[in-house]
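Presented below is the structure to which this report refers.
The values are calculated or read from the model by the stated rules, or taken from the named source; none is laboratory data. Please read all numbers here as calculations on a predicted model, not as lab measurements. Here the Cβ positions follow ideal geometry from the backbone for every residue, glycine too, while neighbour counts run over all protein chains shown.
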Amino acid sequence: MSIEAFHRVKELTSELNEHNHNYYVLNQPTISDQEFDALLKELEKLEIEHPELADPNSPTKRVGGDITDKFQKVAHRFPMLSLSNSYSKEEIAEWSDRIKKSIDEDVEYIMELKYDGVAISLTYENGKLVRGVTRGDGAVGEDVTTNVRTIRTIPLNLKPGNYPSSFDIRGEIFFPLETFAQLNRDRKELGEELYANPRNTASGTLKNQDSKLVADRKLDCFLYYVFADGENFENHFDSLLNAKEWGFKVPPTEGRYIEKTNSVDGIMDFINHWDSARKELPFEIDGVVIKVNDYRQQRVLGLTAKSPRWAIAYKFKAERVATVLHEITYQVGRTGAITPVANLEPVQLAGTTVKRASLHNADQIEKLDIREGDTVYVEKGGEIIPKVVGVEISARKTDNGPHQYAAVCPECGTPLIRKEGEAQHYCPNESGCPPQILGRIEHFISRKAMNIDGLGPETIEQLHEAGLVSNIGSLYSLEAEQLLPLERMAERSVEKLLEGVEASKAQPFRRVLFGLGIRYVGETVAKKLTRHFETVEALAAADIETLVQVEEIGDRIAESVFEWFRDEENQLLVKVLQEAGLQFEENRSDTQTSAVLEGKAFVVSGVFSQFSRDDLKAEIEKHGGRNVGSISSKTDYVLAGDKMGPSKLKKAEKLEIPVISEEDFIQMIS
Ligand code: IVH
């Protein structure tokens, strides 16, 4: 081991941790993103060159990459209790009275927000994060440490301080609202079903097996309780202030995020403030939590089987109003997905006038038995779009029978279809249904796809109306003479439009493939497919079995791609675009160079000395092999570096799969 490297790794780790904390927890970065990336790259390189120095809590682990096969069950050292709920001032007063009966002295209460996410228990030993466990049944949870490490506001190594050598800290992992909204915007662009609310999505994300996906989702975490053996602090408030010094994200003392009071009136004032102010928070809360501050008093009060007697939650009522549902209409998305929409008698809800609300899908309408003319309840929860949550049956005056879900597309009249196991209906008339046509062209020209300058949604609509474009292919036969007579089409804008179209011919194959708007083929999938198949001919010829061999391509995507290329109109479209000069071949420079690993499936795991894990994966692909996420009987080789998990090694042994070293691998390909 090199002493210089050892010191530099230590130095970089501590600097990066500090910058990470400044950026994510304090919101006060002191260096630029580029400077941060340069430090991170340097550390990554050192860890590759000196695998013995790599640390599971290294800042390089923030980006994820490790796959968890199965989350291990772990018993909580301190059970994860829930809180008893209250909904009124009377209930809070009764709780406070009960406390006064057991405690014959002043009681100070700490009031906090009740974050609406998913509970997590973090264990630190000697200042290092060793485990992150979900609540589970309260006694036993699931070990999600690999995913927890990607959450930037959770410190991996604590700042120097008076922390106990071993302690647990509890908190709530959640989606900031803007991050959640962005996630849904991205999904919409891909024609994927939108996530209904931030809480469930946070919970699902935390249990995803792919830590890279978790890292990309950018979850956040507020910590709200410290558990340790022995007397470390006198009260809850001090423990949180200290936790802040160690690097945790705890509620800031300004802005009324956390406050002290001695009275029920004080508690009600806090509740009333947040009942309305919560709408301005950048994350969701579903109430407030009131805790007895003093640890000695907490001990006297003790616990019931389910919850501590020294704490109580006050839950806000979700904002909900009743209004009349005039009509159910349907929206058609780019991929043909149908969304039922409730057209309502306008009503004030959470500060805005609501005229339309989501009805999700046919099942939801049937389950709630929602009928036109009904008085319905509309709620605004975490969802951006308000939703109909129920019907006031007693107010039903109409003779309308159960709602008949649309049988045909509202835009083009084609009978709708619904695939087995899917909640949504689709309009299958891809080539003739106007919102689908326009949506597809808009997607094709969008920034992340072909990025065609000089063309926007309005122009597309104008061109469509003028009969000049009916599909993506027709963009490439537009001529100045056709455009100039149109309204708002000055010479300069026509020039710009045609230049933009011309320039798009140089966009690489992966962007073209993404732009085609095949369901479930997002940017990443497009990249994987073009890398693997290299030409559109090879991709179009691939059967489902071949497609699922590609890393990260599952049945759903494979089927969608397969079907897309079976469609004659799509085949024609590819031909037209090819003739127009678009790129349908992956640039060969970074693709396959040999076929020595043809058809072989590799699992790459651990830390390597000569290549990074990603480089090794790329090498495998370059030589015709493929990367798979987890070890199974279909795996041909396990390429093992340092610190590969013992469970993986065991599995490989059990299935008698050869485990090879980096050196063995280099031999194989040379
Ligand atoms: S204290 C012993 N404080 O609410 C500590 N919980 O039903 C007990 N929650 O599962 C929890 N914000 O995940 C506490 N400021 C807060 C909280 C909070 C959200 C969640 C927690 C728990 C649930 C209680």
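Computed quantities for the displayed model
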item	result
Filtered residue count, segment 643-663, keeping only those that are in contact (Cβ under 8 Å) with a residue 24 or more places away in the chain and within 17 Å of F611 (Cβ to Cβ)	3
Matching residues, segment 387-440, being part of a strand (DSSP E or B) and within 28 Å of A350 (Cβ to Cβ)	K387, V388, V389, G390, V391
Whichever residue in segment 499-551 is within 19 Å of E568 (Cβ to Cβ) and of a type in the set (G, A, S) and, among such residues, is surrounded by the fewest Cβ atoms within 10 Å (Cβ to Cβ)	A541
Residue list for segment 179-202, restricted to those being of a type in the set (A, V, I, L, M), in a helix (DSSP H, G or I) and away from the ligand (no atom under 16 Å from the Cβ)	A181, L183
Unmet requirement for L577, which otherwise passes all of (1) without any contact (Cβ under 8 Å) to a residue 40 or more places away in the chain; (2) more than 25 Å from E47 (Cβ to Cβ); (3) assigned to a helix (DSSP H, G or I)	(1)
Residue in segment 145-153 that is in contact with a Pro (Cβ under 7 Å, 6 or more places away or on another chain), surrounded by 20 or more Cβ atoms within 10 Å (Cβ to Cβ) and farther than 26 Å from V300 by Cα present	no
Total residues in segment 268-284, condition within 14 Å of the ligand (Cβ to nearest atom) and farther than 19 Å from F174 by Cβ	2
Residue check, A243 assigned to a helix (DSSP H, G or I), touching a residue at least 40 places away in the same chain (Cβ under 8 Å) and within 14 Å of the ligand (Cβ to nearest atom)	yes
From the options Y377, Y330, residue that is part of a strand (DSSP E or B), over 26 Å from A202 (Cβ atoms) and among the aromatic types (F, W, Y)	Y330
Selection within segment 624-670 - on the phi < 0 side of the Ramachandran plot and of a type in the set (G, A, S)	G625, G629, S630, S632, S633, A640, G641, G645, S647, A652, S661, S670
Qualifying residues in segment 215-235 (those that are within 23 Å of the chain's Cα centre (by Cα) and in a loop (DSSP other than H, G, I, E, B)) - the one farthest from the ligand (Cβ to nearest atom)	K218
Residue that is farthest from V604 (Cα to Cα), among those in segment 636-670 that are under 29 Å from the mean Cα position of the chain (by Cα) and either of a type in the set (G, A, S) or not in a helix (DSSP H, G or I) (or both)	S647
Counted residues, segment 105-140 - those being small (G, A, S), surrounded by fewer than 22 Cβ atoms within 10 Å (Cβ to Cβ), over 30 Å from V264 (Cα atoms) and within 26 Å of the chain's Cα centre (by Cα)	1
Unmet criterion (only one of (1) under 26 Å from the mean Cα position of the chain (by Cα); (2) away from the ligand (no atom under 16 Å from the Cβ); (3) within 30 Å of I258 (Cα to Cα)) for G287	(2)
Residue match in segment 353-361 (condition: at pLDDT below 90, in a loop (DSSP other than H, G, I, E, B) and not polar (S, T, N, Q))	yes
Enumeration of residues in segment 1-17 that are surrounded by 15 or more Cβ atoms within 10 Å (Cβ to Cβ) and farther than 18 Å from V63 by Cβ	A5, R8
Residue within segment 203-212 that is outside any helix (DSSP H, G or I), more than 27 Å from the chain's Cα centre (by Cα) and either among the aliphatic types (A, V, I, L, M) or away from the ligand (no atom under 12 Å from the Cβ) (or both) present	no
Checklist (1) farther than 21 Å from A93 by Cβ; (2) under 26 Å from the mean Cα position of the chain (by Cα) applied to V321, failing item	(2)
Selection status of L158, away from the ligand (no atom under 16 Å from the Cβ), on the phi < 0 side of the Ramachandran plot and in contact (Cβ under 8 Å) with a residue 12 or more places away in the chain	yes
Condition check for V607: at pLDDT below 90, of a type in the set (A, V, I, L, M) and farther than 23 Å from V548 by Cα	yes
